[in-house]
Amino acid sequence: YILSGSMIGIGAFRMPSELVLHARQDAWMAVALGSIYPFIIVGIGSYFIRKFPDKNILVLSRECYGTILGTIFNLLFGITFI
């Protein structure tokens, strides 16, 4: 947790200065919207964990999208970890 937290913290402090070089003073909007995104993902994830406590993302994907499309999405999700 300390390692990932420090990496995120360093990126959060460096990002606005990098964006100001290209976007001038409008960079704060991109940083604000980009910082809201993880909170939305955590909120959606916690909703699904409470609603389906005994199922994981792979099972839910197959149930929502069907066997074929769910398997394709699961493979694409798994490729990100390789």
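The values are calculated or read from the model by the stated rules, or taken from the named source; none is laboratory data. All of these numbers come straight from a predicted model, not from anything done at the bench. FYI the Cβ positions are ideal-geometry reconstructions off the backbone, even for glycines, and counts take in every protein chain you see. Heads up: the accessible areas ignore ligands, DNA and RNA and are worked out on the full protein's heavy atoms, side chains in. Shrake-Rupley method; radii C 1.70, N 1.55, O 1.52, S 1.80 Å.
Given the criteria of a type in the set (Val, Ile, Thr), modelled with pLDDT of 85 or more, open to solvent by 100 Å² or more (accessible area, probe 1.4 Å) and out of contact with any strand residue (DSSP E or B) (no Cβ under 7 Å at 6 or more places or on another chain), does Ile10 qualify? No, not satisfied. Please give the helices (runs of 4 or more DSSP H) falling wholly within region 18-82 in which 1 or more residues are of a type in the set (Asp, Glu). The helices (runs of 4 or more DSSP H) meeting that bar are 57-65.
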